[in-house]
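Asks: Below: one structure in structure tokens.
The values are calculated or read from the model by the stated rules, or taken from the named source; none is laboratory data. If you're wondering where the values come from, they're calculated on a predicted model, not measured in any experiment. No Cβ is skipped: glycine too gets one built from the backbone with ideal geometry, and neighbour counts run over all protein chains shown.
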Amino acid sequence: MVRDAIVFLRNEDGAVTVDWIVVTGLVIGAALSVINGISGGMEERGTEMFSPVVISTDF
């Protein structure tokens, strides 16, 4: 039983899974921060670009 516990503690198969979870979380966090940074500028530019446009609804 002690031998099984030592083998279990030395086994590194699950460590790769944890590494991938951390890397995936970092990539998602970076993507969300880039999207958040870009969205404010895009909204401002869109408002500037389309504010002089007049849409007539008299048909």
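Asks: Out of 9, 26, I need the residue that is surrounded by 10 or more Cβ atoms within 10 Å (Cβ to Cβ) and of a type in the set (A, V, I, L, M, F, W, C). Which one?
Replies: On the way: 9 fails: surrounded by 10 or more Cβ atoms within 10 Å (Cβ to Cβ).
Exactly one of 9, 26 is surrounded by 10 or more Cβ atoms within 10 Å (Cβ to Cβ) and of a type in the set (A, V, I, L, M, F, W, C), namely 26.
Here is a yes/no grid of residues against (1) modelled with pLDDT of 75 or more; (2) among the aliphatic types (A, V, I, L, M):
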site	(1), (2)
2	yes, yes
5	yes, yes
18	yes, yes
29	yes, no
32	yes, yes
37	yes, no
45	yes, no
51	no, no
56	no, no
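Asks: What single numbered condition from (1) charged (D, E, K, R); (2) outside any loop (DSSP other than H, G, I, E, B); (3) surrounded by fewer than 10 Cβ atoms within 10 Å (Cβ to Cβ) fails to hold for residue 58?
Replies: (2)
Asks: Do we have residue 44 as surrounded by 10 or more Cβ atoms within 10 Å (Cβ to Cβ) and of a type in the set (Asp, Glu) here? Please lay out each step first, then the result.
Replies: On the way: surrounded by 10 or more Cβ atoms within 10 Å (Cβ to Cβ): yes; of a type in the set (Asp, Glu): yes.
For residue 44, the condition - surrounded by 10 or more Cβ atoms within 10 Å (Cβ to Cβ) and of a type in the set (Asp, Glu) - is met.
Asks: Would you check which residues across region 1-34 are acidic (Asp, Glu) and in a helix (DSSP H, G or I) and list them? Full working, then the answer.
Replies: Step one: of region 1-34, the residues acidic (Asp, Glu) are 4, 12-13, 19.
Answer for region 1-34, where residues must be acidic (Asp, Glu) and in a helix (DSSP H, G or I): 4, 13, 19.
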